[in-house]
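Since the structure comes first, as structure tokens, the remarks are kept for the end.
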Amino acid sequence: MAPDSTRNPRRGIYLLPNLLTTAALFAGFYSIVAAVDGNFQVAGASIFVAMLMDGMDGRVARMTNTSTEFGKEYDSLSDMVSFGVAPAIVVYQWGVARLTEWHITWGRLGWLVAFLFAVAAALRLARFNTLAATADKKFFVGLPSPSAAGVVASFVWVSAKYELTGLGALVLAFLVTALAGAMMVSRLRYYSFKDINLTGRVSFTYLMIVPLIFMLISVDPPLVLFMLFGSFALSGPALWYWRRRSSRGLTVKESGDA
């Protein structure tokens, strides 16, 4: 009797999407290695390489109909390394560890903030995985971990390129890391860009936006990336304030009509 393929399904994984996930994981791991070696510009850039690979694996899996539960779990574990552990270690190696030179209490708070960033990334990823099926696809709840990693990595990259030193720069790194971590676990809403139809027709003006962004990034990659990711991080509080102000205005108008 021929074996029943429905009772004994073949097990395996799809190569291409998981290969891209592995590349993202490698970039995150290499970022840690570069930071330990003191090459912070490479460390910061590697996190953005991981971000690029992470953005491709899911899209490739959906386009090729190769999405699996294994791939989703593997992607989350890769994200934890690349966007949770790596940025925390990079910012710690770059400057937070040097806070001890000013006072031992600063140093202890520094490594604690770096650890809390990693914890926030883990919590953010866990919440995303559990709410993915029911969440509003148009908005993220909390700053996405790749975006938070982008803020921290670009800050370190800028600081290393322009040789920012002193207590002010170290405290700023401390605050940027703490705020990025807090925004990940917050209830702030961030536009996901998932409702953009990449296969539909667009005007020529919109088509020029993408090359314009790449042109700006090529002028000064770390500075422009820090501005872009910093602006996106601040868009959450800005949206919250705008919605709160609008609701207050509506309430006042309704009470006046009454």
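The values are calculated or read from the model by the stated rules, or taken from the named source; none is laboratory data. All of these numbers come straight from a predicted model, not from anything done at the bench. Every residue, glycine among them, receives a Cβ derived from its backbone with ideal geometry; neighbour counts consider all protein chains shown.
Among residues belonging to segment 1-19 that are among the hydrophobic types (A, V, I, L, M, F, W, C) and in a helix (DSSP H, G or I), point out the one that is modelled with the highest pLDDT. Can you show your working first?
Filtering segment 1-19 down to residues among the hydrophobic types (A, V, I, L, M, F, W, C) leaves 1-2, 13, 15-16, 19.
Next, only the ones that are in a helix (DSSP H, G or I) stay: 15-16, 19.
Values: Leu15: 80, Leu16: 85, Leu19: 93.
Only one residue tops the list, namely Leu19.
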Does any residue of segment 59-76 turn out to be under 19 Å from Leu19 (Cβ atoms), surrounded by 14 or more Cβ atoms within 10 Å (Cβ to Cβ) and within 15 Å of the chain's Cα centre (by Cα)? yes
Would a scan of segment 118-129 turn up a residue that is closer than 26 Å to Asp37 by Cα and in contact with a Leu (Cβ under 7 Å, 6 or more places away or on another chain)? no
Go through segment 160-200 and give me each residue that's modelled with pLDDT of 85 or more, part of a loop (DSSP other than H, G, I, E, B) and among the small types (Gly, Ala, Ser). Ser186, Ser192
Residues of segment 131-159 satisfying the condition of being of a type outside the set (A, V, I, L, M, F, W, C) and part of a loop (DSSP other than H, G, I, E, B): Thr134, Asp136, Lys137, Lys138, Gly142, Pro144
Looking only at segment 96-108, filter to residues that are surrounded by fewer than 17 Cβ atoms within 10 Å (Cβ to Cβ) and aliphatic (A, V, I, L, M); which one of those is nearest to Ala160 (Cα to Cα)? Ala97
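Inspect segment 137-160 for any residue being out of contact with any His (no Cβ under 6 Å at 6 or more places or on another chain) and without any contact (Cβ under 8 Å) to a residue 40 or more places away in the chain and give the result as yes or no.
Our first condition is that a residue be out of contact with any His (no Cβ under 6 Å at 6 or more places or on another chain); within segment 137-160, this holds for 137-160.
Still in the list and also without any contact (Cβ under 8 Å) to a residue 40 or more places away in the chain: none.
There is no residue in segment 137-160 that is out of contact with any His (no Cβ under 6 Å at 6 or more places or on another chain) and without any contact (Cβ under 8 Å) to a residue 40 or more places away in the chain.
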Residue count, segment 211-230, condition over 20 Å from the mean Cα position of the chain (by Cα) and either aliphatic (A, V, I, L, M) or surrounded by 15 or more Cβ atoms within 10 Å (Cβ to Cβ) (or both), comes to 4
Going through (1) closer than 30 Å to Lys194 by Cβ; (2) modelled with pLDDT under 90; (3) part of a helix (DSSP H, G or I); (4) not polar (S, T, N, Q) one by one, Arg127 fails only at (2)
